Structures are given as structure tokens and as C-alpha cells.
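The values are calculated or read from the model by the stated rules, or taken from the named source; none is laboratory data. This one's a predicted model, so the numbers in the text were calculated from it and none came from an experiment. Methodologically, a virtual Cβ is constructed for each residue, glycine included, from the backbone with ideal geometry; neighbour enumeration extends over all protein chains shown.
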Amino acid sequence: MGSLLSLLTAVLFYFGWASTDAETKALGLRDTVFHLSTSDYLLRSVSALYIPAWIAAAAALAALGLHRRLVREPSRTAAAVRVLRFAWTVPLVMVPLYPLSPWLFDLLLPLAMICGFVLNTYARTRGRRDVRLWALSLAVCVLALFWAVYAYAGIAGRGRAALTISTIDTGFPAVVVFSEKDLMIRGGGSCYRRVTDKGSRYSYQYAGLRLFHVSGDRLFLVPRGWTPEDGALYVLKEGDGQRIELLSGAGYRARECR
């Protein structure tokens, strides 16, 4: 049980890192910029793994049903068992098709390897114990699992990046920054003005910004018109001669730079 839990934790962390890596690369950044912790990677992996978890559960139930039928009707299922001995050849047949859609077969090939080797080993060890064959198959399956996780994480990460790009203006919190010094935040839909209010300790106000990420006492901001091809990421430290306000509502967004 402990080994299974360790493997699950490793898969979750690996998926969280791989999906974040793919996401930040698609955004023209790197995950190291945001100083993510182990818990951050684990939490980022949970939401994207619901569908794979349901599919894995359904496959396990189907495999259990197939096993029970083979046990109850060995004579009628003997032919099927003989066919399963060659299940390991399925991924080999798929290899020539890889150039047609690399991103798809990066996911399908390792999944086919897992299914093929498990079915092959099951068929060849019916009625006898062969620990070495099962150990070898499981080792191959673990390697294929991490390959599949990496491929699926890339798909999920790039999907999150596309969603970020399309919703950066309306889906992220609006930010107003007051600063004692000029932070040189310009362009991309952002705006600034000199603060002339009597008694104010701040000299500049910046608007048209969106809260991109928070890590500790650092806030990562982007202009509302930010794109990976043409945009700047601003990193501010809370309390460093600045006041940062988070605002919501379409009304404010409509007039923030007027």
C-alpha cells in the first residue's frame, strides 16, 4: 500500500510539473520564474486528472469482469487467451503511424504498451506463477505510465495556456498599483498617471493590469492586452513602497484607463 501511494504521489507531482512546464512554455515563460513549491505542483495536477482517473477505474472494472468470465468459462475463452498472448505487438503496429500525429501517438503508444504487456503477461501466466515475467512487465508499464503522463500533461498544459491567453483580460483579477517611484509600466493596454492628491505618499498610479500569479510576497502582473508574442511580465514585491489593489466587476474594467 505504501509503494502504491508513493507511486501515485510521484505521478501527481510529475504531472503537475510537466503540465506547468508545457503551459509556461506555450506562454513564452518558464515554470522556474514562479518559484512553485511541491504542493503547488500536486494541486495543479488534481483537476486535470479526473477524466484519466475515471477511465482507469472503468478499465479496471472491465478487466475484473473479463477475468471472472475467463475463470468461469475456460474452455469457451481459450481462444481469446491465445490471442492475448500477442497483445504486446499492438504498439509495434502503431509505431509506423507515429509521424501522422506525433502529439496523439505520444499518448496512445504508451497506453497501448501498458495494455499490451499486461494482457500478454496475464495470458502467458494463466495457471502458473511467473514472478520474473510480471516484474519485467510492471517495470515496462511504469516507464510507459510516466511517458503517457508526460504526453497528457503537455496536452493539458497547452490547453490551459490557450485558455489563459483568451481570458487574460476578463478572467483574471484587475489590479491597480500605487507607487512612490515610477515603475516604468507601459504598453499592452496598461495606463498610468501622476498622483496629485494632497497628502498622498504615492506619486504614480498604474491600471489596466491583471494578476497573473502570486508566489509568497511576490505578485506577477501582466497588462490586460498581454500576449506571449508581445507582452511583459512585471514582478512586484508587496510592501516595497507600493500599494496594490485587486478590483472586480465589469464596470471598473470598462473605465479603468479612461
Q. Within 30 Å of R124 (Cβ to Cβ) and either aromatic (F, W, Y) or part of a loop (DSSP other than H, G, I, E, B) (or both) - does that describe any residue in region 54-67?
A. yes
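If I filter region 134-150 down to residues being of a type in the set (G, A, S) and surrounded by 18 or more Cβ atoms within 10 Å (Cβ to Cβ), which single residue comes out as farthest from C115 (Cα to Cα)?
Selected residue: A148.
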Q) Counting only residues that are farther than 11 Å from M113 by Cα and either of a type in the set (D, E) or in contact with a Phe, Trp or Tyr (Cβ under 7 Å, 6 or more places away or on another chain) (or both), how many does region 85-98 have? A) 2
Q) Of the residues that make up region 80-95, is at least one modelled with pLDDT under 80 and more than 28 Å from the chain's Cα centre (by Cα)? A) yes
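So that you can scan it fast, the table gives a plain yes or no per residue for (1) more than 18 Å from A18 (Cβ to Cβ); (2) touching a residue at least 24 places away in the same chain (Cβ under 8 Å):
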{"residue": "L49", "(1), (2)": "no, yes"}
{"residue": "A78", "(1), (2)": "yes, no"}
{"residue": "R82", "(1), (2)": "yes, yes"}
{"residue": "L100", "(1), (2)": "yes, no"}
{"residue": "T125", "(1), (2)": "yes, no"}
{"residue": "R129", "(1), (2)": "yes, no"}
{"residue": "W134", "(1), (2)": "yes, no"}
{"residue": "V140", "(1), (2)": "yes, yes"}
{"residue": "L145", "(1), (2)": "no, yes"}
Q. Which of the residues spanning region 26-46 are free of Cβ contacts under 8 Å to residues at least 12 places away in the same chain, in contact with a helix residue (DSSP H, G or I) (Cβ under 9 Å, 6 or more places away or on another chain) and assigned to a helix (DSSP H, G or I)?
A. T32
Q) For region 82-109, which residues satisfy the criterion of being surrounded by 15 or more Cβ atoms within 10 Å (Cβ to Cβ), assigned to a helix (DSSP H, G or I) and either charged (D, E, K, R) or in contact with a Leu (Cβ under 7 Å, 6 or more places away or on another chain) (or both)? A) L84, A87, P91, M94, F105, D106
Q: Go through (1) in contact (Cβ under 8 Å) with a residue 40 or more places away in the chain; (2) loosely packed, with under 13 Cβ neighbours inside 10 Å; (3) not in a loop (DSSP other than H, G, I, E, B) and name the single condition K181 misses.
A: (3)
Q.
Just to check your reading of the model, which residue among L143, L108, L133 is of a type in the set (A, V, I, L, M), at pLDDT below 90 and in the same structural domain as F15 (by TED's automatic domain parsing)?
A. L133
Q. Using beta carbons and a limit of 8 Å, which pairs, at least six apart or on different chains, have the first residue in region 11-24 and closer than 15 Å to V46 by Cα and the second one of a type in the set (V, I, T) and surrounded by fewer than 18 Cβ atoms within 10 Å (Cβ to Cβ)?
A. L12/V46; F13/T38
Q: May I ask you to say which residue of V214, V235 is without any contact (Cβ under 8 Å) to a residue 12 or more places away in the chain and surrounded by fewer than 18 Cβ atoms within 10 Å (Cβ to Cβ)?
A: V214
(Q) I'd like to know if region 48-67 contains one or more residues that are under 14 Å from R160 (Cβ atoms) and touching a helix residue (DSSP H, G or I) at 6+ places or on another chain (Cβ under 9 Å). (A) yes
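Consider L36 carefully, then state whether it is assigned by TED's automatic domain parsing to the domain that holds A161, at pLDDT 80 or above, loosely packed, with under 11 Cβ neighbours inside 10 Å and at negative phi.
Answer is no for this residue.
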(Q) Any residue that is among the hydroxyl-bearing types (S, T, Y), under 16 Å from T167 (Cα atoms) and at pLDDT 85 or above - is there at least one of those in region 215-236? (A) yes
